[in-house]
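Colleague: My questions will all concern the structure given below.
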Amino acid sequence: MMEEILKGLRASAEATRLRILGLCAHAELTVSDLVEILGQSQPRISRHLKLLVEAGVLVRNQEGPWAWYRLPEEGTGGELARLIVDLLPSDDRQHAQDLKRLQSISEGWTSRVADFFRQHAGDWEQIRSLHADQAAVDAALLAALPDGPIESLLDIGTGAGHVLSLVGKRAQSAIGVDRSREMLNVARSNLFRAGLRHCQVRQADMFALPFEDASFGAITMNMVLHFADRPDAALAEAGRVLAIGGRLVIVDFVTHHREQLREEQAHRWLGFDDAQIQSWCRAAGLYPLPPQHLAGGELTVALWSAERRA
Ligand SMILES: C[S@@+](CC[C@H](N)C(=O)[O-])C[C@H]1O[C@@H](n2cnc3c(N)ncnc32)[C@H](O)[C@@H]1O
């Protein structure tokens, strides 16, 4: 423990490395983001990052060709990094300038996001036009989650982070997973802009979640299950990481006949019925709660909730 603290302090006790910690506390960043903000060469920045990661005050998360750096959520290294970052005076000229540059490069992310949305907007608009008002679906999702603060939230198939933006404020910590790196980059940008520093995203497959058993108090799956080859396996995996007393909320379509969604939007299932979902939840060791249907438009959206009981 003492050794870990000393290692973390030694690694942080250098001007550029302190600036890196100050930046990564605000957003998950790549080497090229940091090169652009700090105006130093890539090999230099990479060396600093390596030292910080080895000392446990920063974590590196590789997604395909990209490595992302952020402060660790837990452990001595994470606590130490946060303490150090909190001590950085907000009126320090250098630190303020770094944050300004971060803000300005994030505008570049924003335009990437806008391009991505333009490409997909048509598909999403089409889906939305088929079901109840999005605001009503969002309100029902919020109401289906346990009352009060949520200690740890997992959003499976987070996409652009819609659910994290919606529920994030109520969660003490929240993580979204998705298999699409492109979607996750959009999510990162959205979370940064919303100031949701305690929310993060990771690339992961819903069938093999990189988390220990019983890690989350609440899990959401919003419009994801109809893409799953094996929805039963996806629910079993969600059930595995749900803590005792925790709640899973699934939002998806009720069985429908709009065949063209298979072709046009790669839907694997044309919705689900209550009994099917409830039996998969039971098989996952969960206790199903009464479902809720939101009619409106051609497709009905349902919310299926289930709890893990002792
Ligand atoms: C229609 S989007 C919904 C996104 C988000 N939940 C929302 O409410 O806006 C479905 C998402 O599921 C993700 N997805 C599909 N199969 C997945 C899998 N096997 N593991 C993780 N994510 C997956 C897709 O990449 C996509 O981002």
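Colleague: Amide H neighbours of Asp155 under 5 Å, counting only residues 5+ apart in sequence or on other chains, H built in-plane at 1.01 Å?
Modeller: Ile175, Gly176, Val177, Thr220
Colleague: Here's something else I'd like to know. Give the angle, between 0 and 90 degrees and rounded to the nearest 10, that separates the Cα long axis of helix 42-54 from the longest principal axis of the Cα atoms of the chain.
Modeller: Approximately 70 degrees, to the nearest ten.
Colleague: OK, next. Using the Cα centre of the chain as the reference point, and only Cβ charges (+1 on K/R, -1 on D/E), how large is the resulting charge dipole? Debye, rounded to the nearest 20. If you can, show how the numbers build up before the last one.
Modeller: Details: 33 positive and 40 negative charges, 170 e Å.
That gives the chain a dipole magnitude of about 820 debye.
Colleague: Sticking with this structure for a sec: Please report the relative contact order for the chain, taking Cα pairs under 8 Å with a sequence separation of at least 6, and give it as a percent rounded to a whole number. Mind dumping the intermediate values first?
Modeller: Values: 537 pairs, mean separation 42.4, N = 310.
Averaging sequence separation for qualifying contacts and normalising by length gives 14 percent for the chain.
Colleague: Further question on the same structure: Collect residues whose amide H, placed 1.01 Å from N in the peptide plane, falls under 5 Å from the amide H of Gly246; neighbours closer than 5 in sequence don't count.
Modeller: Sorted by chain and number, the residues that satisfy this are Arg308.
Colleague: Under 14 Å from the Cα of Lys7, which aspartates and glutamates turn up, not counting those fewer than eight places away in the same chain?
Modeller: Cross-link targets: Glu54, Glu79.
Colleague: Among Gly239, Gly168, His293, whose Cα projects farthest towards the positive end of the dipole of the range 131-307, with charges put on the beta-carbon of Lys, Arg (+1) and Asp, Glu (-1)?
Modeller: Looking along the dipole axis, the top candidate is Gly168.
Colleague: How would the range 88-141 be classified by its alpha-carbon gyration tensor: rounded, prolate or oblate, with rounded meaning a/c under 1.5 and the a/b versus b/c comparison settling the rest? Write down the numbers at each step before the final one.
Modeller: Values: a/c = 8.30, a/b = 2.18, b/c = 3.81.
Oblate.
Colleague: What's the extension gain from Asn61 to Gln260 if we count 0.36 nm per residue and subtract their Cα-Cα distance? Working shown, then result.
Modeller: Details: separation 199, 0.36 × 199 = 71.64 nm, distance 3.77 nm.
Residue separation times 0.36 nm, minus the Cα-Cα distance, leaves 67.9 nm.
Colleague: When the helices in the chain are scored as -39500 (n - 2.57) per DSSP H run of 4 or longer and the sum is shared across all residues, what 222 nm value do you end up with, to the nearest 500 deg cm²/dmol? All intermediate terms of the calculation are to be shown ahead of the outcome.
Modeller: Details: 12 runs with 150 residues, N = 310.
It lands at -15000 deg cm²/dmol.
Colleague: If you don't mind, another one. Compute the longest continuous run of the chain that contains no exposed GluC sites (Glu not before Pro); treat a site as exposed when its DSSP state is not H, G, I, E or B and it has at most 14 other Cβ atoms within 10 Å. Don't skip to the end; give the middle numbers.
Modeller: Details: sites that count: Glu14, Glu73, Glu74, Glu212, Glu259, Glu298.
Result, exposed sites excluded: 75-211.
Colleague: Another question, then. Grab the Cα-Cα distance for Ala295 and Ser46, subtract it from 0.36 nm times how many residues apart they are, and report the gain in nm with one decimal. Could the numbers behind the result be given before it?
Modeller: Values: separation 249, 0.36 × 249 = 89.64 nm, distance 5.28 nm.
Difference between extended and current length: 84.4 nm.
Colleague: List the pair-distance distribution P(r) of the chain, using every Cα-Cα distance, as the percent of pairs falling in each 10 Å bin from 0 up to the bin containing the longest distance, rounded to whole percents.
Modeller: Percent of Cα pairs in each bin: 6, 25, 31, 21, 12, 4, 0.
Colleague: Can you tell me the order of 171-178, 85-92 when each peptide is scored by its average per-residue count of other Cβ atoms within 10 angstrom, highest first? Don't skip to the answer; put the middle values down first.
Modeller: Numbers: 171-178: 21.9, 85-92: 10.9.
Put in order of decreasing packing, that is 171-178, 85-92.
Colleague: If you place +1 on the Cβ of every Lys and Arg and -1 on the Cβ of every Asp and Glu, how big does the dipole about the Cα centre of the range 132-272 come out, in debye to the nearest 20? Don't skip to the answer; put the middle values down first.
Modeller: Details: 14 positive and 17 negative charges, 85 e Å.
Roughly 420 debye for the range 132-272.
Colleague: Okay, moving on. From the backbone phi of the range 239-254, what are the Karplus-calculated ³J(HN,Hα) couplings (6.51 cos²θ - 1.76 cosθ + 1.60, θ = phi - 60°) in whole Hz, Gly and Pro given as x?
Modeller: x, 4, 8, 7, 6, 4, x, x, 10, 9, 10, 10, 10, 7, 7, 6
Colleague: Give, to the nearest whole percent, the P(r) tail of the range 131-307 beyond 28 angstrom, counting all Cα pairs.
Modeller: Details: 2502 of 15576 pairs.
Result: 16 percent of Cα pairs exceed 28 Å.
Colleague: Take Gln94 and Gln134, extend 7 Å from each Cα along the Cα→Cβ direction, and tell me the distance between the two endpoints in nm.
Modeller: 4.3
Colleague: OK, next. Between the range 138-155 and the range 184-221, what's the alpha-carbon centroid distance in Å?
Modeller: Computed from Cα coordinates, the inter-centre distance equals 14 Å.
Colleague: In terms of the Cα gyration tensor, with a ≥ b ≥ c the square roots of its eigenvalues, is the range 2-103 rounded because a/c is under 1.5, prolate because a/b exceeds b/c, or oblate?
Modeller: Values: a/c = 1.56, a/b = 1.11, b/c = 1.41.
Judged from the Cα gyration tensor, the range 2-103 comes out oblate (a/c at least 1.5, b/c at or above a/b).
Colleague: For Gly271, what charge total do you get from the other residues with a beta carbon under 10 Å from its beta carbon, if Lys and Arg give +1 and Asp and Glu give -1? Intermediate results must be reported in sequence, preceding the final value.
Modeller: On the way: positive: Arg258; negative: Asp252, Asp273.
Counting the neighbours of Gly271, the net charge comes to -1.
Colleague: Rounded to the nearest 20 Debye, what is the dipole magnitude of the range 2-103 about its Cα centre when Lys and Arg each give +1 and Asp and Glu each give -1 at the C-beta?
Modeller: Details: 13 positive and 15 negative charges, 85 e Å.
So the dipole magnitude of the range 2-103 works out to roughly 400 debye.
Colleague: Between Phe207 and Arg282, with labels modelled 7 Å along Cα→Cβ, what's the label distance in nm to one decimal, could you check?
Modeller: Result for the modelled spin labels: 2.5 nm.
Colleague: Give a residue-ordered list of calculated ³J(HN,Hα) values for the range 265-275 (Karplus: 6.51 cos²θ - 1.76 cosθ + 1.60, θ = phi - 60°; whole Hz; x for Gly, Pro).
Modeller: Rounded to whole hertz, the list is 10, 6, 5, 8, 10, 8, x, 9, 10, 4, 5.
Colleague: Please find, in a Gaussian network model of the chain (springs between Cα atoms separated by less than 10 Å), the residue of Ala81, Ala15, Ala236 whose mean-square fluctuation is greatest.
Modeller: Ala15
No value in this document is a laboratory result; all are computed from the given coordinates. The shown structure was predicted, so the numbers you read here are calculated from the model rather than taken from an experiment. With ideal geometry, Cβ positions are generated from the backbone for all residues, glycine too; neighbour counts draw on all protein chains shown.
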